[in-house]
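*Asks:* Sharing a structure here in structure tokens format.
The values are calculated or read from the model by the stated rules, or taken from the named source; none is laboratory data. The structure presented is a predicted model; accordingly, all values stated were derived computationally and were not measured. All Cβ positions, even for glycine, are placed from backbone atoms using ideal geometry, and neighbour counts span all protein chains on display.
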Amino acid sequence: LSRGFRQARNRLAGLTELTEQNIETALREVRLSLLEADVEIGVVKAFLSRVKEKALGRTLEVKVKHGGETHEVSASDHFIKICHDELEAMMAHEGQEIVWAQSGATGIMVVGLQGSGKTTSCAKLARYLDKEGKKPLLVAADMQRPAAVEQLKVLGDQLKIPVFNIPGASPVEICAAAREHAKKQGRDVIIYDTAGRLAIDEPLMKELADIKSRTKPDNIFLVVDAMIGQDAVKTARSFHDRLDISGVIVTKLDGDARGGAALSIKEVTGAPVLFTGLGETTDKFEPFRADGMASRILGMGDVVGLMQDFEQVVDQKKAEKDAARMLQGDFTLDDFLEQVRMIQKMGSLKDLVDKLPIGNMFPGGLPQDVNLDDRELVRIQAVIQSMTALEKRDPYALIREPKRVERISKGSGSKPEAVTELVQKFLFMRQMMGGLGQNMGMLGKIPGMK
Ligand code: GDP
Ligand code: MG
């Protein structure tokens, strides 16, 4: 049993039963977290009462087996885990992201408020489909702003994906003509970039409804800016009532927003979030992942992560393989987190290094800097989970731009200095691990590793 788990156990020990009272404490925590994440208040209430009912109605297994030993986990932490799983289930989407046409080109109509990221998302989607071997056609049907057509054309040029438009024509005419054009050009997916407004109004809705009835798209995607917060529900409802949207793209998740809109919209419209926008460039686009979003919304990755460690039977082979990878020195911050967890499972980092044939490379023991205190595990997790994808890929961004450190500090509850220190530790460790791996020449020399 590693120190980390002993400490985690101590931290979580105590409550062993889910009672009305300790549920209330946990509920308050979760409620706050959801509101901070901009989940709409009605959705928060509905969610909490549903979860409460579930938790009370069942006897919890609070003793968790780990490595042959049994540990007690606090009921309130377990409750938060229930919330996480419920959130994940609520946002999860089964099946394909895109409904494909039975015959002819597949239509994807993209709608949303002005500035939500429609045009950008259309280009991202086209790039994504192009990579999947499809032949998308982009249709510039936002005739509201003169620059909108040009914007899409520039993006299309960059991606070498054709953009269709008829200068001076109405959006409905353009969209209707696009089908014929796609057929002639052999394009099999048509993406309609439509106009938006700062607020929803009738002329806009009528225009969109007309485009819908003329083109009969197989998909209607609503683009929502994650920063819009509580307003997401109102917006989604209006679009959904009129157009019956089939899916949602949540943009600007590379910012501070905790992404509660993803939950609210799914709850209110039933339309699943299918893709996420994670930056201004067209490659910053990913299929939606419900588990990641659940952690982000709860802002409680630490507890959830801990619970998962407790619940997972340690796979020794995987732990060894991962440690071997780590010693090769090429790993990201995500790996780092995973590796730290794995190392906890294998015994402390010091023990591991002591086992190595080159253990006497550091006669005085490990340099202080890499002696990762097991207690830091929870804090490290919180910090890393508050980072954006870009920051994880390029930790130097944090050193270049102190604002990022500030944001992460707020999100994770660690001091800015602690965030910076963690990044430096990571960079140092990556370097050291790379060195270790090289010095050993062969990983096969580590006892028990192949
Ligand atoms: P539209 O009015 O709905 O077509 O919105 P645009 O596609 O023109 O985007 C509005 C602004 O948001 C532009 O400055 C985009 O670069 C930016 N944007 C769009 N998607 C994202 C995203 O995922 N992350 C970030 N950071 N910015 C985005
Ligand atoms: Mg636009």
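*Asks:* On the basis of being surrounded by 20 or more Cβ atoms within 10 Å (Cβ to Cβ) and within 21 Å of SER103 (Cα to Cα), does ILE161 make the cut?
*Replies:* no
*Asks:* Something else now. Can we say ILE174 is crowded, with 21+ Cβ neighbours inside 10 Å, modelled with pLDDT of 95 or more and not acidic (Asp, Glu)?
*Replies:* Numbers: crowded, with 21+ Cβ neighbours inside 10 Å: yes; modelled with pLDDT of 95 or more: yes; not acidic (Asp, Glu): yes.
Against the criterion (crowded, with 21+ Cβ neighbours inside 10 Å, modelled with pLDDT of 95 or more and not acidic (Asp, Glu)), ILE174 qualifies.
*Asks:* Determine whether segment 109-128 contains at least one residue that is in contact (Cβ under 8 Å) with a residue 12 or more places away in the chain, surrounded by fewer than 22 Cβ atoms within 10 Å (Cβ to Cβ) and either over 27 Å from ALA261 (Cβ atoms) or more than 16 Å from ligand 1 (Cβ to nearest atom) (or both). Don't jump to the end; show me each part of the working.
*Replies:* Quick first cut of segment 109-128, residues in contact (Cβ under 8 Å) with a residue 12 or more places away in the chain only: 109-128.
With the extra rule that they be surrounded by fewer than 22 Cβ atoms within 10 Å (Cβ to Cβ), the set shrinks to 114-115, 127-128.
So of that shortlist, the ones also either over 27 Å from ALA261 (Cβ atoms) or more than 16 Å from ligand 1 (Cβ to nearest atom) (or both) come out as none.
No; the residues of segment 109-128 include none that is in contact (Cβ under 8 Å) with a residue 12 or more places away in the chain, surrounded by fewer than 22 Cβ atoms within 10 Å (Cβ to Cβ) and either over 27 Å from ALA261 (Cβ atoms) or more than 16 Å from ligand 1 (Cβ to nearest atom) (or both).
*Asks:* Hey, among ALA141, ALA101, ALA89, ALA105, which residue is within 16 Å of ligand 2 (Cβ to nearest atom) and either aliphatic (A, V, I, L, M) or not assigned by TED's automatic domain parsing to the domain that holds GLU29 (or both)?
*Replies:* ALA141
*Asks:* While we're here: Tell me, yes or no, whether segment 47-67 has at least one residue that is among the polar types (S, T, N, Q), modelled with pLDDT under 85, surrounded by fewer than 19 Cβ atoms within 10 Å (Cβ to Cβ) and outside the structural domain of GLY133 (by TED's automatic domain parsing). Write out each step before concluding.
*Replies:* Taking segment 47-67 as the starting set, the residues that turn out to be among the polar types (S, T, N, Q) are 49, 59.
With the extra rule that they be modelled with pLDDT under 85, the set shrinks to 59.
Imposing the further condition that a residue be surrounded by fewer than 19 Cβ atoms within 10 Å (Cβ to Cβ) reduces the set to 59.
Filter once more, so that each one left must be outside the structural domain of GLY133 (by TED's automatic domain parsing): 59.
Scanning segment 47-67, I find at least one residue that is among the polar types (S, T, N, Q), modelled with pLDDT under 85, surrounded by fewer than 19 Cβ atoms within 10 Å (Cβ to Cβ) and outside the structural domain of GLY133 (by TED's automatic domain parsing), so the answer is yes.
*Asks:* Next question, about the same structure. Give LYS212, LYS252 a once-over and let me know the one that is assigned by TED's automatic domain parsing to the domain that holds SER121, within 16 Å of ligand 1 (Cβ to nearest atom), of a type in the set (Lys, Arg) and touching a residue at least 60 places away in the same chain (Cβ under 8 Å).
*Replies:* LYS252 is the lone residue from the list that is assigned by TED's automatic domain parsing to the domain that holds SER121, within 16 Å of ligand 1 (Cβ to nearest atom), of a type in the set (Lys, Arg) and touching a residue at least 60 places away in the same chain (Cβ under 8 Å).
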